[in-house]
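Heads up, the thing below is written out as structure tokens.
The values are calculated or read from the model by the stated rules, or taken from the named source; none is laboratory data. Only a predicted model underlies this, so the values are computations on that prediction, with no experimental measurement involved. Methodologically, a virtual Cβ is constructed for each residue, glycine included, from the backbone with ideal geometry; neighbour enumeration extends over all protein chains shown.
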Amino acid sequence: MTTTPRTKKILIADDDPYHRDILRRLLNGIGEFDIVEADSGSDTFTRVNLDHPDLVLLDWMMPFMDGLDILRELRSAGDQTPVVMVTAKADAASRARALETGANGVVTKPYSISEMRKTLHRYLSPPSDAAAGPAADSPH
């Protein structure tokens, strides 16, 4: 009996509904995903705990609790869901800070379709395809 692989679930965590919409449309254009959204740090925690996403695309700049704070809390709670920071911060120091905090990768805004496709493949493919280690999803 052949089992059909389940649709991968992606959590888009961004306080800006416009950016969530753009990212959702881009993801829908790349493949078939179960997309859930969060608009704040507390909503992100709720969605991670209730929806158990396969990947979190986490905006860095959010009010009250920024993406690094959210990531720090997720990791300190033992959550190992792959998290890719989505940010306008393109400098090497910011990238290093995100990775040191526990991000699996960083995608810089504006992102391209090919960059996002590569990121999705890296973190949503079977483990043998994702074994190269963190941070190879972006040339920055």
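Remarks
- Residue count for region 74-92, restricted to those that are surrounded by fewer than 18 Cβ atoms within 10 Å (Cβ to Cβ), part of a helix (DSSP H, G or I) and at pLDDT 95 or above: 2
- Residues within region 93-112 that are buried (at least 16 other Cβ atoms within 10 Å of the Cβ) and within 22 Å of Ser125 (Cα to Cα), tallied: 8
- Selection of first residues in region 18-47 that are touching a residue at least 60 places away in the same chain (Cβ under 8 Å) and of second residues that are among the hydrophobic types (A, V, I, L, M, F, W, C) and part of a loop (DSSP other than H, G, I, E, B), restricted to Cβ pairs under 6 Å at least 6 apart or on distinct chains, gives the following pairs, ordered by first then second residue: Leu27/Phe33.
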